[in-house]
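Structure first, commentary second.
The values are calculated or read from the model by the stated rules, or taken from the named source; none is laboratory data. These numbers come from a predicted model, not from an experiment. Here the Cβ positions follow ideal geometry from the backbone for every residue, glycine too, while neighbour counts run over all protein chains shown. Only protein heavy atoms, including side chains, enter the accessible area calculation; ligands, DNA and RNA are left aside. Shrake-Rupley method; radii C 1.70, N 1.55, O 1.52, S 1.80 Å.
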Amino acid sequence: MVEWYMQSVVRQNTVSLCADPTAASYTDSSDDETSPREKTQVNSKGSSDFCVKNIKQAEFGRREIEIAEQDMSALISLRKRAQGEKPLAGAKVVGCTHITAQTAVLIETLVALGAQCRWTACNIYSTQNEVAAALAEIGVAVFAWKGESEDDFWWCIDRCVNTEGWQANMILDDGGDLTHWVYKKYPSVFKKVQGIVEESVTGVHRLYQLSKAGKLCVPAMNVNDSVTKQKFDNLYCCRESILDGLKRTTDVMFGGKQVVVCGYGEVGKGCCSALKALGAIVCVTEIDPICALQACMDGFKVVKLNEVVRHMDMVITCTGNKNVVTREQLDRMKNGCIVCNMGHSNTEIDVASLRTPELTWERVRSQVDHIIWPDGKRVILLAEGRLLNLSCSTVPSFVLSITATTQALALIELYNAPEGRYRQDVYLLPKKMDEYVASLHLPNFDAHLTELSDEQAKYMGLNKNGPFKPNYYRYQHHSTQSE
């Protein structure tokens, strides 16, 4: 996923000063190539328990966070309502998410509610260096910077978990890498964790695998499948950010382009809706007959990738699976085809198969590579197959406020739950909590809910204060034709 960038006048003005105007963060074109691991940095309080690109960027990062707060009023409201009670007092939260202005608002909310936090990045390209610096400046132990190597990625996770005199009792994860690391490397810590909150398809799948094997020894909350995450972050957020990422990296015109979107879940639905609205000719690949039928009813032709790949101008993956686009399919793509991924993991496109002697890699922009075949054919690969929107562009603060509020409430619920409420299994967010998250965001639209009368509530068999829908209810997305 869940993933957390913002669009601000500050960044737009600052980016124009950079060597690369397409960069997603003003620190992309920094001249300092020294690895943060080789630097000794200290914040204004004298602490060195962090590792970021440049602690001196903290003031700029603070302005980014303040701008994000303006469109995340629900999270700020939660912070104000619960600050006196400190429902996370004693919680030691280790987190692995995208580190952006929006996640900083979440982290600072957790701190305001009493938690101690140590944080690292779930994606090597999505960190806003200035925001990481701002968090480090206020005392959050952050280990992350944009452009980490694979070794750096795991080193940062380890530094968050393995520190003297501090042991995590809650995990907030996006993708499952942190949970996997603690489970494998620090089993004694894993057994003492009170709860795990996971927000991505990939991470949730890993949790269910652990549960099925009888190896999940702590309760976990599946935030990804909460209504507020699925319908707002996955659907509405991706509907906007797919276009932003593609425009910033390629300046592509969408009208008349042949596009195949692999996967018609909530992310795929959002991508298809946006692309179709701008005149692209969109088809879909699916393994699930229900999702495939939805695509058909929404006006999209359902195909097999092998049958159409030769004719496509763009190939977009949204499945959370691996090897969705193979080397054989990449070989058959036409010159100039754009290939990118909107799923959490970098496994959907077989990028490793492209690192062979007969192919030439040419970096043409930040996060844009031309892969050149011996006959001169070029395929345009974005973000090396990693998450497009958070690697190459921004994500609206408002929709991330919904996800962040859901994550905060899930942590509070698991941490404060009486013994026996949650067993060693994976749980969905209670419906009442989903509705509460939604209600916190309604004032942004000056929306006013109708209240049931006593007679109406009795007739429907409902509590006047909710929940208003049973757990099995599916909030349906309307046909893209009507959008």
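Between Ala68, Ala132, which is part of a helix (DSSP H, G or I) and either among the hydroxyl-bearing types (Ser, Thr, Tyr) or in contact with a strand residue (DSSP E or B) (Cβ under 8 Å, 6 or more places away or on another chain) (or both)? Break it down into steps so the answer makes sense when it comes.
Values: Ala68 fails: either among the hydroxyl-bearing types (Ser, Thr, Tyr) or in contact with a strand residue (DSSP E or B) (Cβ under 8 Å, 6 or more places away or on another chain) (or both).
Only one candidate passes the filter, namely Ala132.
Can you tell me which residues in the stretch 66-89 are closer than 19 Å to Gln116 by Cα and hydrophobic (A, V, I, L, M, F, W, C)?
Leu75, Ile76, Leu78, Ala82, Leu88, Ala89
Please state which one of Ile55, Ile76 is modelled with pLDDT of 95 or more, out of contact with any strand residue (DSSP E or B) (no Cβ under 9 Å at 6 or more places or on another chain) and among the β-branched types (Val, Ile, Thr). Before you say what the answer is, go through the steps one by one.
Details: Ile76 fails: modelled with pLDDT of 95 or more.
The unique qualifying residue is Ile55.
Which one is surrounded by the most Cβ atoms within 10 Å (Cβ to Cβ), of the residues in the stretch 434-461 that are under 26 Å from Gly203 (Cβ atoms) and touching a residue at least 40 places away in the same chain (Cβ under 8 Å)? Show your work before the answer.
The initial filter retains those residues of the stretch 434-461 that are under 26 Å from Gly203 (Cβ atoms), namely 434-438, 440-441.
Remaining after also requiring touching a residue at least 40 places away in the same chain (Cβ under 8 Å): 434, 437-438, 440-441.
Working: Asp434: 24, Val437: 27, Ala438: 19, Leu440: 21, His441: 21.
Filtering first and then ranking leaves Val437.
Within the stretch 385-397, is even one residue among the hydrophobic types (A, V, I, L, M, F, W, C) and open to solvent by 10 Å² or more (accessible area, probe 1.4 Å)?
Taking the stretch 385-397 first, the residues among the hydrophobic types (A, V, I, L, M, F, W, C) are 387-388, 390, 392, 395.
Checking which are open to solvent by 10 Å² or more (accessible area, probe 1.4 Å) leaves us with none.
No, because not a single residue in the stretch 385-397 is among the hydrophobic types (A, V, I, L, M, F, W, C) and open to solvent by 10 Å² or more (accessible area, probe 1.4 Å).
Looking only at the stretch 274-289, filter to residues that are over 25 Å from the mean Cα position of the chain (by Cα) and open to solvent by 60 Å² or more (accessible area, probe 1.4 Å); which one of those is farthest from Val252 (Cα to Cα)?
Only one residue tops the list, namely Pro289.
Out of the residues in the stretch 370-383 that are open to solvent by 10 Å² or more (accessible area, probe 1.4 Å), touching a residue at least 12 places away in the same chain (Cβ under 8 Å) and in contact with a strand residue (DSSP E or B) (Cβ under 7 Å, 6 or more places away or on another chain), state the one that is farthest from Thr317 (Cα to Cα). Don't jump to the end; show me each part of the working.
Going through the stretch 370-383, the residues open to solvent by 10 Å² or more (accessible area, probe 1.4 Å) turn out to be 370, 372-378, 380.
From what is left, the residues that are touching a residue at least 12 places away in the same chain (Cβ under 8 Å) are 372-374, 376-378, 380.
With in contact with a strand residue (DSSP E or B) (Cβ under 7 Å, 6 or more places away or on another chain) added as a condition, the list becomes 372, 378, 380.
Working: Ile372: 21, Arg378: 19, Ile380: 14 Å.
Only one residue fits best here, namely Ile372.
Quickly run through the stretch 143-153 and pick out the residues that are of a type outside the set (Lys, Arg) and either within 17 Å of Pro187 (Cβ to Cβ) or crowded, with 22+ Cβ neighbours inside 10 Å (or both).
Initially, the stretch 143-153 is screened for residues of a type outside the set (Lys, Arg), giving 143-145, 147-153.
Hits for the stretch 143-153 are Phe143, Ala144, Trp145, Glu148.
What are the pairs, 6+ residues apart or on separate chains, where a residue within the stretch 316-328 that is closer than 25 Å to Leu235 by Cβ has its Cβ under 6 Å from a residue that is open to solvent by 20 Å² or more (accessible area, probe 1.4 Å)?
Thr317/Val324; Cys318/Val267; Gly320/Val201; Gly320/Thr202; Lys322/Thr347
Of the residues that make up the stretch 209-228, is at least one closer than 30 Å to Ser366 by Cβ, assigned to a helix (DSSP H, G or I) and open to solvent by less than 30 Å² (accessible area, probe 1.4 Å)?
Within the stretch 209-228 (the criterion being closer than 30 Å to Ser366 by Cβ, assigned to a helix (DSSP H, G or I) and open to solvent by less than 30 Å² (accessible area, probe 1.4 Å)), the answer is no, since none of the residues qualifies.
Write out, first by first residue and then by second, each pair whose Cβ atoms fall under 7 Å of each other, whose residues are 6+ apart or on separate chains, and whose first residue, in the stretch 403-415, is in contact (Cβ under 8 Å) with a residue 40 or more places away in the chain while the second is of a type in the set (Lys, Arg).
Within 7 Å, the pairs are Thr403/Lys229; Thr406/Lys229.
Any chance the stretch 354-366 includes a residue that's touching a Ser or Thr at 6+ places or on another chain (Cβ under 7 Å), in contact (Cβ under 8 Å) with a residue 12 or more places away in the chain and of a type in the set (Lys, Arg)? Spell out the reasoning first.
Filtering the stretch 354-366 down to residues touching a Ser or Thr at 6+ places or on another chain (Cβ under 7 Å) leaves 365-366.
Imposing the further condition that a residue be in contact (Cβ under 8 Å) with a residue 12 or more places away in the chain reduces the set to 365-366.
From what is left, the residues that are of a type in the set (Lys, Arg) are 365.
Yes, the conditions are met somewhere in the stretch 354-366.
Looking at the stretch 290-307, which of its residues are open to solvent by 100 Å² or more (accessible area, probe 1.4 Å) and over 18 Å from Leu275 (Cα atoms)? Let's see the steps before the verdict.
Restricting attention to the stretch 290-307, the residues satisfying the condition of being open to solvent by 100 Å² or more (accessible area, probe 1.4 Å) are 290, 293, 297, 301, 304, 307.
Listed by number, the residues that qualify are Ile290, Leu293, Lys304, Glu307.
Out of Arg248, Arg332, Arg327, I need the residue that is open to solvent by less than 50 Å² (accessible area, probe 1.4 Å), under 24 Å from Arg363 (Cα atoms) and of a type in the set (Lys, Arg). Which one? Spell out how you get there, then give the answer.
Working: Arg248 fails: open to solvent by less than 50 Å² (accessible area, probe 1.4 Å); Arg332 fails: open to solvent by less than 50 Å² (accessible area, probe 1.4 Å).
Only one candidate passes the filter, namely Arg327.
Can you pull out every residue in the stretch 199-224 that is of a type in the set (A, V, I, L, M, F, W, C) and in contact with a strand residue (DSSP E or B) (Cβ under 9 Å, 6 or more places away or on another chain)? Spell out how you get there, then give the answer.
Residues of the stretch 199-224 that are of a type in the set (A, V, I, L, M, F, W, C), as a first pass: 201, 204, 207, 210, 213, 216-218, 220-221, 223.
Val204, Leu207, Leu210, Leu216, Val218, Ala220, Met221, Val223, listed by residue number.
Give the stretch 82-108 a look and list any residue that's part of a helix (DSSP H, G or I) and under 20 Å from Leu390 (Cβ atoms), or say none.
From the stretch 82-108, those part of a helix (DSSP H, G or I) are 82, 101-108; that's our starting set.
Matches in the stretch 82-108: Ala101, Gln102, Thr103, Ala104, Val105, Leu106, Ile107, Glu108.
Answer yes if at least one residue in the stretch 415-431 is open to solvent by 40 Å² or more (accessible area, probe 1.4 Å) and on the phi > 0 side of the Ramachandran plot, and no otherwise.
Within the stretch 415-431, one or more residues are open to solvent by 40 Å² or more (accessible area, probe 1.4 Å) and on the phi > 0 side of the Ramachandran plot.
List pairs: first residue in the stretch 66-93 and open to solvent by less than 50 Å² (accessible area, probe 1.4 Å), second residue aromatic (Phe, Trp, Tyr) anywhere in the structure, Cβ distance under 8 angstrom, at least six positions apart or on different chains.
Met72/Phe398; Pro87/Tyr415; Leu88/Tyr415; Ala91/Tyr415
Based on this model, can you work out whether Gly195 counts as open to solvent by 60 Å² or more (accessible area, probe 1.4 Å) and out of contact with any Gly (no Cβ under 7 Å at 6 or more places or on another chain)? Full working, then the answer.
Values: open to solvent by 60 Å² or more (accessible area, probe 1.4 Å): no; out of contact with any Gly (no Cβ under 7 Å at 6 or more places or on another chain): yes.
Considered against the rule, which asks whether it is open to solvent by 60 Å² or more (accessible area, probe 1.4 Å) and out of contact with any Gly (no Cβ under 7 Å at 6 or more places or on another chain), Gly195 comes out as no.
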